[in-house]
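Step one of this worksheet: look at the structure below.
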Amino acid sequence: MPTSKKTTTTTRTTAARKKTAVKKKIATAKKTANNSRAKSAANKKPLTHTLTLDSVAVIHNAKALYEEFGKVTNTDVSIDASAVEMIDTAILQLLYAFVTKVTSNNHKINWINPSDEFISRARLLGLSRNLGIA
């Protein structure tokens, strides 16, 4: 009889050790997963959306441009103004309002090669600094 009692105790101890080992593995796996998520979140760069202005940017296009702007106010934005040959006051005012909204949300505006005409019109209206192209 004494041997059978010893065997039962040994079996229980082995089972307890296995259970503890499994718990440790699960805890380690959870820590590793949490660390991986934290590292990937820290390494993620904010998304940047690129908008391209047409060569002729006039009030006729304002509604479509306004709707496009509404989709991207919560991200960094790059605006390609390299093709602009003609731009009117209404579009520059719309751009000013858009830039103000994006920057007030702690995001950045990056201008991609603004054309000479675009820069000239923005300066003429006194908006070049406000738009961030001065």
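The values are calculated or read from the model by the stated rules, or taken from the named source; none is laboratory data. Predicted, not measured: the structure shown is a model, and the values here were computed from it. Please note: Cβ atoms are built from the backbone with ideal geometry, for glycine as well, and neighbour counts cover all protein chains shown.
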- Query: Which pairs do you get when a residue that is without any contact (Cβ under 8 Å) to a residue 40 or more places away in the chain, found in region 109-120, comes within reach of a residue that is in a helix (DSSP H, G or I) and surrounded by fewer than 17 Cβ atoms within 10 Å (Cβ to Cβ), reach meaning Cβ atoms under 9 angstrom, with the pair 6+ apart or on two chains?
  - Reply: I109/T103
- Task: Those residues that are surrounded by fewer than 13 Cβ atoms within 10 Å (Cβ to Cβ) and part of a loop (DSSP other than H, G, I, E, B), I need them from region 59-89; list them, please.
- Result: K71, E85
- Message: Can you confirm whether N43 is modelled with pLDDT of 70 or more and either of a type in the set (S, T, N, Q) or at positive phi (or both)?
- Response: no
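Residues are listed down the side, and each one gets a yes or a no for (1) in contact with an Asp or Glu (Cβ under 8 Å, 6 or more places away or on another chain); (2) modelled with pLDDT of 85 or more:
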site: T7; (1), (2): no, no
site: A16; (1), (2): no, no
site: V22; (1), (2): no, no
site: T48; (1), (2): yes, no
site: V56; (1), (2): yes, yes
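Is it true that some residue in region 50-58 is in a helix (DSSP H, G or I), touching a strand residue (DSSP E or B) at 6+ places or on another chain (Cβ under 9 Å) and surrounded by 14 or more Cβ atoms within 10 Å (Cβ to Cβ)?
no
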- How many residues does region 54-112 hold that are within 14 Å of G132 (Cβ to Cβ), within 18 Å of the chain's Cα centre (by Cα) and of a type in the set (G, A, S)? 2
- Item | Residues being under 16 Å from A62 (Cβ atoms) and either free of Cβ contacts under 8 Å to residues at least 24 places away in the same chain or not assigned by TED's automatic domain parsing to the domain that holds V58 (or both) - total across region 94-108 | 1
